[in-house]
C-alpha cells in the first residue's frame, strides 16, 4: 500500500487585499521526503510555507495533515510542524531560554540543559559559550543557527525552511544545511525548503516544486522572461538581454505576460560543435552544470547579459560534448516553443 | 529668598522626625494611586494590546479618541466624576464622593488613555515575525498573547511609569472628588496646595520632596527589574 502523504493541499486560494497570491489546486507531500520550493520573489513560496505551517488560514481551500483537515492553532499539528523564517526572530531573552521555549510549551522540561546544549551542538555552536548570551549578542548567522536549534530541539515531524541560508555567511550556510538534513536522518523529519540555491536543492531534494505568480508550475525548472517586449518587423517581439542580443518571441497575449521556455527546448552547443541549422541563436557563458538527483539529467545554466538561462543537456550531449563552466556556448531555440503566462 | 532655604531645612526636619499629618497624606497618595494604577493596568493593557495588535474597522477613529483623551484636564475629569458621584448624580447612592475610592475612579480615567495609547504603540512596534515564530514553536492563542506581552514588557513598563507619574502628581481630581479632608482624603498634592495657601512653605516643600522621592524609588525599582 502506498504511504499516506503527510500533506495534501486541495483547491487552496489565498488572497491579500482581494488579490490572489497563491492558488494551489492539488499538492501532495510525502512523509519523510525533502521537498524544494523554487520560484522568483513574490511567487508565493513564503505564503505556501505559512499555509503548510498553519500560521495563516487560506482564504478558501483545505490543507490536510496526515489525512485530516487542519486549521491554525489546531492541537493536531501545533507540536508537530515548525517553521523557520528567512529573517530569524529571537525573543528578548537569552539563547538558552529562546531554545527551551518550545519544549516548555510542550511541558517537556526534563534534562533541559542537556537538550539545549545538544541542539546548539547540532548547529555548530557551543552551549558553554552561547547559551547564556542575550539575543542581541549574536551575529546574523549565529542568530539564524540559534533559531534553527530552537526548532531542532522539538524533533519536529515537519520542518519548513524559508530561505534558511539567504542572509548568512558560507560557514553558517553549510552548518544550517547539514543540521536540517540531519533532522531527517535522526527523526525522519519531512523537510520543505524554499531556496534560491538550486544546486543544493537539486542535490538533496526528492522533489522540487516550482512556483510562478502564485501557481504551481511543474516539477522542473523553467525559464521565465518578463517584459517589456519590443516589436520587431515581421510580427515578432524581442526582449533585450545584452548588447546586440535579444530573445525573439511571438506576440505577447497581454501587457503583463511573461514568456516561458522549457529547458528541454533549449539546445546547447559548444563552439566546436556543428552549428545548428534551425531556430534562433544566442551566445552565452556556462556558469554551472548541475546533476538533477531525481532525473539524472544535467542542467546547464548559461549567462546571457544579466539573465541566466537553464537548459537540459540530453544524454547524447552529456556524453559527447565537453562542456565546462566558463566556456562560451551557443543556445538555440525555436520562438514557436515559447509559452505565455 | 530666605524663606525658601528655611523651607528646605524644615522639610528635612519634618521628614527625619516624622510628622503624622505628612505621613497621612503620603499614605492617602499611595493608597489612591495604587487603586487607580491597578485598575488602569488591568483594563488598559488588554485594551492597548487589542488596539495595537489587531486591525479592525474604526481602529483609526478609536486611536484618535484615545490620543485625544491623553490631554484631558484633571479638573475636567474631577468635575465629571463629581457630577456622577454627587447625591444628585447617577452614582450618588454608592456614597463615593469625598472618599479615596472616588478619587481613584477619577485617576483611573486619567491614567487609562495613557496606558492604552502607550501599550498600543509598543505592540504596534513589535516585530511581525514574533507571531510566526511563536505559532511555529507551538504556542496556543493564549500563550501567543502572553509571550507577545512579555516581549513588549519594556514598552508596558514605560506606559505604567508615565501613567503613575501623572496620577501621583495630579491635583484637580483629588481636590474636587476627594475634598482635601484632613486625615482622610488629603493627598500630598492637595496638602501642598493647602499649605502654600496658608503660607506654610516648609510643609509644602517637604511634601514636594517626598513626592519626588516616591517617584525616584518607583523608577529605580523598574530600572532594576529591566536589568534582571
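The values are calculated or read from the model by the stated rules, or taken from the named source; none is laboratory data. Note that the structure is predicted; figures quoted are calculated from it, not measured. Positions of Cβ are backbone-derived with ideal geometry, glycine not excepted, and every protein chain shown enters the neighbour counts.
Values computed for the structure shown
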| item | result |
| --- | --- |
| Elements of type helices (runs of 4 or more DSSP H) in the range A:55-166, at least 1 residues being at the interface with another protein chain (Cβ under 9 Å from one of its Cβ atoms) | A:95-105, A:140-152 |
| Flag if residue A:134 is touching a residue at least 40 places away in the same chain (Cβ under 8 Å), under 24 Å from residue A:32 (Cα atoms) and surrounded by fewer than 21 Cβ atoms within 10 Å (Cβ to Cβ) | no |
| Scan of the range A:241-250 for residues that are part of a strand (DSSP E or B) and farther than 18 Å from residue A:336 by Cα, ordered by number | A:241, A:242, A:245 |
| Matching option when the condition is buried (at least 20 other Cβ atoms within 10 Å of the Cβ), outside any helix (DSSP H, G or I) and touching a residue at least 12 places away in the same chain (Cβ under 8 Å), among B:110, B:51, B:97 | B:97 |
| Test result for residue A:167, surrounded by fewer than 20 Cβ atoms within 10 Å (Cβ to Cβ) and touching a strand residue (DSSP E or B) at 6+ places or on another chain (Cβ under 6 Å) | no |
| Cβ pairs under 8 Å, 6+ apart, first in the range B:140-158 and exposed (fewer than 14 other Cβ atoms within 10 Å of the Cβ), second part of a helix (DSSP H, G or I) | B:154/B:122; B:154/B:226 |
| Residues of the range A:271-292 classified as modelled with pLDDT under 80 and surrounded by 15 or more Cβ atoms within 10 Å (Cβ to Cβ), total | 3 |
| Residue within the range B:54-65 that is modelled with pLDDT of 95 or more and closer than 18 Å to residue B:162 by Cα present | no |
| From the options A:172, A:139, residue that is buried (at least 19 other Cβ atoms within 10 Å of the Cβ), assigned by TED's automatic domain parsing to the domain that holds residue A:189 and modelled with pLDDT under 95 | A:172 |
| Selection count, the range B:133-153, where residues are over 21 Å from residue A:134 (Cα atoms), in a helix (DSSP H, G or I) and within 7 Å of chain A (Cβ to nearest Cβ) | 4 |
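To keep it simple, each residue is scored yes or no on (1) more than 24 Å from residue A:250 (Cα to Cα); (2) surrounded by fewer than 14 Cβ atoms within 10 Å (Cβ to Cβ).
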site: A:183; (1), (2): yes, no
site: A:190; (1), (2): yes, no
site: A:193; (1), (2): yes, no
site: A:196; (1), (2): yes, no
site: A:206; (1), (2): yes, no
site: A:211; (1), (2): no, no
site: A:214; (1), (2): yes, no
site: A:221; (1), (2): no, no
site: A:231; (1), (2): no, yes
